[in-house]
1. List the extent of the Cα atoms of the range 251-328 along each of their three principal axes, largest first, rounded to whole Å.
2. For His178, put the label point 7 Å out on the Cα→Cβ axis and report which residues of the range 225-267 keep their amide N under 20 Å from it.
3. Quick check: from the Cα gyration tensor, does the range 344-421 come out rounded (a/c under 1.5), prolate or oblate?
4. Tell me, Ser64, Ser335 in order of fewest to most beta-carbon neighbours within 10 Å?
5. So how strong a dipole does the range 159-228 carry about its Cα centre when Lys and Arg Cβ are +1 and Asp and Glu Cβ are -1, to the nearest 20 debye?
6. For the charge dipole of the range 147-291, defined by +1 on Lys and Arg C-beta atoms and -1 on Asp and Glu C-beta atoms about the Cα centroid, which residue among Ile209, Thr193, Phe151 has the Cα displaced farthest towards the positive pole?
7. Sorted by average packing, counted as other Cβ atoms within 10 angstrom per residue and highest first, what order do 400-408, 203-211 take?
8. Work out, in µm²/s and without decimals, the Stokes-Einstein translational diffusion coefficient of the range 287-416 at 20 °C, 1.002 mPa s, Rh from Kirkwood over C-alpha pairs.
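Here, each number is a calculation from the coordinates, and none is a lab measurement. Being a predicted model, the structure only gives us computed values, none of them experimental. No Cβ is skipped: glycine too gets one built from the backbone with ideal geometry, and neighbour counts run over all protein chains shown.
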Amino acid sequence: MKRFVFILPLCLFLFMCGSDKITNDDIVSGSKGRSYELNNGIISRNVLESYLLRSITQAEFLTSEGFYNDGIYRYKEDDIRMLKNVGAKFIGRSIYSWDTPQNFNNPAFLANAERIIREMHRDDPDIIFQAAIFEIVSTKVNSVAVPAWVFEEFGLAVEERNFSYADMLNPNGQFVDHWGSGASVPDISRLETRMFFYFMAREYMEIGIEAIHFGQVELMAMTDKDNNYAAWDDLLTRVRETAMDIARRGTVLCDGHLPSGGIVVNGKLLFDFVSFPMRPKEICQYPQKAELKKYYLDAIYGRTKGGTTPSGWHCEHSLYLVEFDNFGISDHPGSCNLADHFVWGYDEITWFSLQPEAYRKEFLEYAHDWVRKIDPNGYLQMPGSRVITGAATNRFRANTKGPLCPEGKNVEETIKMIWSK
């Protein structure tokens, strides 16, 4: 009888975990409920799941006036209130530079962000803030000095010079000027690219950032994919080892936009988890309505790769987030076209923002429950603040609408309700 009582909870745990191989540490941490403890570079499955369950996109939340990438950001104080109210634990894309490397030349860029991080951590020291390092470099990087510690990290003689845009480009011209004249996709196999990415990652970690999104990873692996992703492995190893010394809890979570479902080298996953667009599918017979489907276009559901994670535990499929992506408006706004990534002609967050309040709430609860049901490795990243296109305001805001945030879209309490289940 005792043997039966032991086996039943273990089977239940295996079902909830979604993995065929677990460690004793996973069983112990799971029996204690949700945990947010980071430990010198190691994050258990239970802890990672706990953070992904309470993840919200709050783009440029840590950025301050004069440094915004996507236009003015109003009502920051109400965002602080909102994030505390809903119980957010993972604040996605909270600071980044999309072709604005000159921001790193101004101490206020990071100092102002650090002030907000410290303010939030006074109330909840477990919150993780995520920075993003994207797939773009331009001639503007030529204005940023290379610190001595970057040369030292890569075993190079220290010299006085700035970063070199030309040395970050693919030698065969692949994706050169991809973003316009003098703005390209950097080649991660180039040493200068890794030095620049390392520079930004360390600068972010020194102000309290504990997660970094590396954008379209595979787009930057132009020649690296043929070299078993040695360059990405090199960069991520350096970033994680540096985190052991300077990150506030000795740990940094690394993810990327990975349409392949992850990068596995010799059985080891390079990234802690995968991020990808949600990919809603239009329901053409019901105007503006959408649903989620496995295998629709390049949807990630059920497709992430398995292996040994950077923290040492095994999973059959990598954990992942799906988010409301932004990429603009099509040439057919308002019409149904199942052959492209647009939702009724709009990017995902703009489409969502345009919906009636009742349907926004309905879809958010549906999407969260659908992802959790269809794939135990997947999690919906809630929409808090993200740039939208072609609207009177430049950002979607989850906040409850009121004097402190008149642009709020009234899904704050819905997010809180979903997370409280």
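1. 47, 22, 15
2. 225-236, 255-264
3. Oblate shape, in that a/c is at least 1.5 and b/c is the bigger or equal ratio.
4. Final ranking by Cβ density, sparse to dense: Ser335, Ser64.
5. So the dipole magnitude of the range 159-228 works out to roughly 100 debye.
6. The one lying farthest along the dipole's positive direction is Ile209.
7. 203-211, 400-408
8. My calculation gives 133 µm²/s for D.
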